[in-house]
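> Dropping a structure here in structure tokens format, bear with me for questions.
The values are calculated or read from the model by the stated rules, or taken from the named source; none is laboratory data. Quick caveat: nothing in here was measured; it's all calculated off a predicted structure. When we count neighbours, we look across all protein chains shown, and the Cβ atoms used for this are built from the backbone with ideal geometry, even at glycine. Protein only, heavy atoms only, side chains kept; ligands, DNA and RNA dropped before computing areas. Shrake-Rupley method; radii C 1.70, N 1.55, O 1.52, S 1.80 Å.
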Amino acid sequence: MSIEKESPAPTAAPAIDARGLTKRYEDGVRRREVVSDVSVVVPQGALWVLRGPSGSGKTTLLGLLGAMVTPTRGEVIVCGEPLSRLRDHHRTRARRRLVGFVFQELALVPGMTLTENVLLPLVPEGGATNAQRAHAAALLERFGLTAFADTRIERLSGGERQRGAVARALVLSPPVLLLDEPTAHLDAARVLEVVAMLAALRDEGRTIVATTHDPRLADSASVDRVLDLADGKLVEN
Amino acid sequence: MKRQLALIGYALGALSRRRGRSAAVTAGLALVVGLFGSVLFLGDALRAEVEAGARYLPDLSVQRLVAGRPALVPTDVVGAVRGIPGVRSVNARVWGYLYVPPISANITILGATGREATLHAAMVAGRSLRAGERGACVLGAALAEAIGVEPGDEVSLSSDVGGSDATVHWLRIVGVFHDASALRTADVLITSDADARNLLGVDAGLATDLAVSLTTPDEARVASEKIALLVAGARIVDKQLLRRTYALTLDGRGGLLSAMLLPALAALLLLAWDRLTGLSEAERREIGVLKAIGWEVSEVLTARLWESLLVALGGATLGVLGAYAYVFLAQAPGLAGALYGWSALYPPLRLTPQVDAAQALALIVGVALPFVAVGLVPAWRAATLDPDHALRGGA
């Protein structure tokens, strides 16, 4: 099996520099602060985990760190780019280049094949070049998905889909990879595979932040740091 | 360009993934456009037939009424009519209907005046009449078929004077008109002026009507007034008025049919509104995915624009093509009767394809543009949300 090892170019700035991030949702008369004044600096080439119970704000904080969610207050700088200060158009472009995101529900498009899903981020750029297709094929091979390249998403198992989602997040070779509950619903063997995969990606120089409430991931020796979150605030650990 | 092609490819894939719904909306659009297109095409084709027929009409037809009934026109007024300023030519025509017992039908006998030469271009077999050629005729295809004759054969006709004075006339067939001119020639037999007079019993010095050609057709009203003073009991048919009357009738009938189609259009608009104002869960989620993986709002909207445009243009084009096939290949069964305005037509009218390209384009654009515009609103709402929000069903 060939191993795709494409390391992002190192820069002096931290991978993620989040300052005073707050996210508040308003629903009619109800106002709910999901993330409160969180500041965090994630260095390059680190594997960090955001841990907390359901409803603690992990997913929202992950979205804020990846500029997927617009903060009510505060700012986030990814690889030197002040994403939260950019206009939507520029922010999206910068995010596409800098951040790969893997959702808990994986967010793959049913009806499309695995390869089509992996290549989807390249459509706005005019579709995949031959080199990008080769890169996507290498990613699928790396994650043991070559046999499913032309299989529709709905016919894949949970583990296969999850590796497919990671492959899609990496197709543009972003320096930062964010994963929401990557081990949810996986058995022990699969959790070990995911931890090994994340460690390998980190070892290539990528910065990885994953949310979890799964101790099998949070307590893994491969993880560089665990941040505990409760009621939208970071808790010292 | 490359980017647009990639987005079109994505849009085609999206339509294919939702093929049931895409097909239903396309079919609905095709149906409504097809119905409206059929009325338009049929109206255009009939107007073209009217125009084609009018080409062979004189600017003015001068008939005569005596006691409210048609009577023959004395030809001694021809010189006086010709002398009216603006009148280019006057032909005293002899024509009328003759019952032919073997086919149990009336045929139209027309005495050749020279003007029919233009019709002869449509002849398919044989030749045209020569000036003053006696004992010869040219006839319509339907008539030739009914009698069972062809060029070179002879046909016998009994003059219309009745009783023992009726004589049998033998006419040699020298030509048969083409089917394309059937509406104007099917039951027509053209022979020399003298033979026509014999067959119809019209004495010399009289004519069925006068065919008046004008230098300036716009002066028809003035010329008519002067002719009315010269010909007692004149009934003057103005080609322009006849043409306008047909046009108004066809427009009126077409408008009525279009109005009857409005409920279908309203139903489709409701369907389109329902289809477009709210995105399905799968569509909203897909937009969330696209945003999440780094598509810009404009890119999402462009992809949706192509989706809507492909459906709208596909449906509208199918509708126009369907209308063309329905009107010109199938001859508009069901709709033709409503627009023709007659219950039975002999000979059968084969419509010649007549399509106003601008009108067809306007129909396509008129349906496609609002469809696309309405479709962009919910997509824009979903695409401007945070990807995370859109993915969770916030749109």
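> Under a cut-off of 20 Å between alpha-carbon atoms, report the aspartates and glutamates in cross-link reach of B:K226, not counting same-chain residues fewer than 8 places apart.
The qualifying aspartates and glutamates are B:D59, B:D76, B:D209, B:D218, B:D238.
> In angstroms, what radius of gyration and Dmax does the stretch A:128-237 have, counting Cα atoms only?
Answer for the stretch A:128-237, Rg first and Dmax second: 15.1, 48 Å.
> Using only Cα atoms and rounding to the nearest 10 degrees, what angle (0 to 90) does helix A:88-98 make with the longest principal axis of chain A?
Roughly 60 degrees, rounded to the nearest 10.
> Under the definition of Cα pairs under 8 Å and six or more residues apart, what whole-number percent is the relative contact order of the stretch A:106-237?
The value is 22 percent.
> Would you mind checking which residues have amide H under 5 Å from B:V100's amide H? H placed 1.01 Å from N; only 5 or more apart, or other chain.
It is B:A105, B:N106, B:I107, by chain and number.
> Further, regarding this structure: Compute from the Cα atoms of the stretch A:108-153 the Rg and the Dmax, the latter being the longest Cα-Cα distance, and quote both in angstrom.
Just the Cα atoms of the stretch A:108-153 yield Rg and Dmax of 10.2, 27 Å.
> Label the stretch A:26-101 by shape, choosing from rounded, prolate and oblate, from the square roots a ≥ b ≥ c of the eigenvalues of the Cα gyration tensor; if a/c is under 1.5 it is rounded, and otherwise prolate applies when a/b is larger than b/c, oblate when it is not.
oblate
> Which order do the peptides B:68-78, B:28-38 take when ranked by the mean count of other beta-carbon atoms within 10 Å per residue, highest first?
The packing order, highest mean first, is B:28-38, B:68-78.
> Continuing with this model, one more query. Hey, which lysines would be in cross-link range of A:K233, C-alpha to C-alpha under 26 Å, not counting anything within fewer than 8 residues on its own chain?
A:K23, A:K58
> Rounded, prolate or oblate: which fits the stretch B:29-111, taking a ≥ b ≥ c as square roots of the Cα gyration tensor eigenvalues, rounded meaning a/c under 1.5, else prolate when a/b beats b/c?
oblate
> Label point 7 Å out from A:D37 along Cα-to-Cβ: which residues of the stretch A:48-91 have amide N under 17 Å?
Of the residues in the stretch A:48-91, A:72-75 have backbone N under 17 Å from the label point off A:D37.
> Could I ask something else about it? What are the ³J(HN,Hα) values, in whole Hz, obtained from phi via the Karplus relation 6.51 cos²θ - 1.76 cosθ + 1.60 with θ = phi - 60°, for each residue of the stretch A:215-226 in sequence order, with x given for Gly and Pro?
x, 5, 8, 4, 8, 5, 5, 6, 7, 7, 7, 10
> At a threshold of 8 angstrom on Cα-Cα distance, excluding pairs fewer than six apart, so keeping six or more, what relative contact order does chain A reach in percent?
The value is 31 percent.
> Convert each backbone phi in the stretch B:140-155 into a coupling constant with the Karplus relation 6.51 cos²θ - 1.76 cosθ + 1.60 (shift: θ = phi - 60°), then list the ³J(HN,Hα) values in order as whole Hz, x for Gly and Pro.
Result, rounded to whole Hz: x, 4, 5, 5, 4, 5, 5, 7, x, 10, 8, x, x, 7, 10, 10.
> Also, I was wondering about something else. Taking the Cα atoms of the protein assembly as shown alone, what are Rg (to one decimal) and Dmax (as a whole number) in Å?
According to the Cα coordinates of the protein assembly as shown, Rg and Dmax are 41.3, 130 Å.
> Round to the nearest 0.05 the FRET efficiency obtained for B:R243 and B:V377 when R0 = 30 Å and r is the Cβ-Cβ distance.
0.05
> Here is a further query. Over the whole of A:64-77, what's the average partner chain Cβ count within 10 Å per residue? Rounded to a whole number, please.
Taking all residues of A:64-77 together, the mean is 2.
> Output needed for the stretch B:58-238: three equivalent-ellipsoid semi-axes, defined as square roots of 5 times the C-alpha gyration tensor eigenvalues, in descending order, whole Å.
Output for the stretch B:58-238: semi-axes of 30, 19, 13 Å.
> Further question: Counting only residues 5 or more places away or on other chains, whose amide H sits under 5 Å from the amide H of B:T215 once H atoms are built in the peptide plane?
When sequence neighbours closer than 5 places are left aside, the close amide H contacts are B:V87, B:R88.
> Rounded to the nearest 500, what is the protein assembly as shown's calculated 222 nm mean residue ellipticity when only DSSP H runs of at least 4 contribute -39500 (n - 2.57) each, over all residues?
Helices in the protein assembly as shown give a 222 nm mean residue ellipticity of -14000 deg cm²/dmol.
> Tell me, what HN-Hα J-couplings in whole Hz come from the Karplus equation 6.51 cos²θ - 1.76 cosθ + 1.60 at θ = phi - 60° for each residue of the stretch B:73-82, using x for Gly and Pro?
Values, residue by residue: 9, x, 7, 6, 8, 4, x, 5, 5, 4 Hz.
> Carbon-plus-sulfur fraction of the accessible area of the stretch A:2-234, 1.4 Å probe, in percent?
That fraction is 50 percent.
> Same structure, new question: A:V35's amide H: which non-local residues (gap 5+, or another chain) put their own amide H closer than 5 Å, with H modeled 1.01 Å from N in plane and none for Pro or chain starts?
A:K23
> Now for a separate question. Taking only Cα atoms, what is the 0 to 90° angle, nearest 10, from helix A:188-203's long axis to the longest principal axis of chain A?
For helix A:188-203, the angle is close to 80 degrees.
> On to the next question. Just to confirm a number: summing +1 for Lys and Arg and -1 for Asp and Glu over residues other than B:I173 whose beta-carbon lies under 15 angstrom from that of B:I173, what do you get?
The answer is -3.
> Please compute the average number of Cβ atoms from other chains found within 10 Å of each residue's Cβ in peptide A:113-124.
Rounded to a whole number, the mean comes out at 4.
> Okay, next question. Please state, to two decimals, what the Cα-based radius of gyration of the stretch B:15-61 comes to when divided by 2.2 N^0.38 Å (N = residues).
2.08
> Next question. Does the stretch A:9-145 come out rounded, prolate or oblate by the C-alpha gyration tensor, with a ≥ b ≥ c the root eigenvalues, rounded set by a/c under 1.5 and, if not, prolate when a/b is larger than b/c and oblate if not?
In terms of gyration-tensor shape, prolate.
> Further question on the same structure: Compute the projected area of the convex hull of the Cα atoms of the stretch A:2-234, averaged over all viewing directions, and report it in nm² to one decimal place.
12.9 nm²
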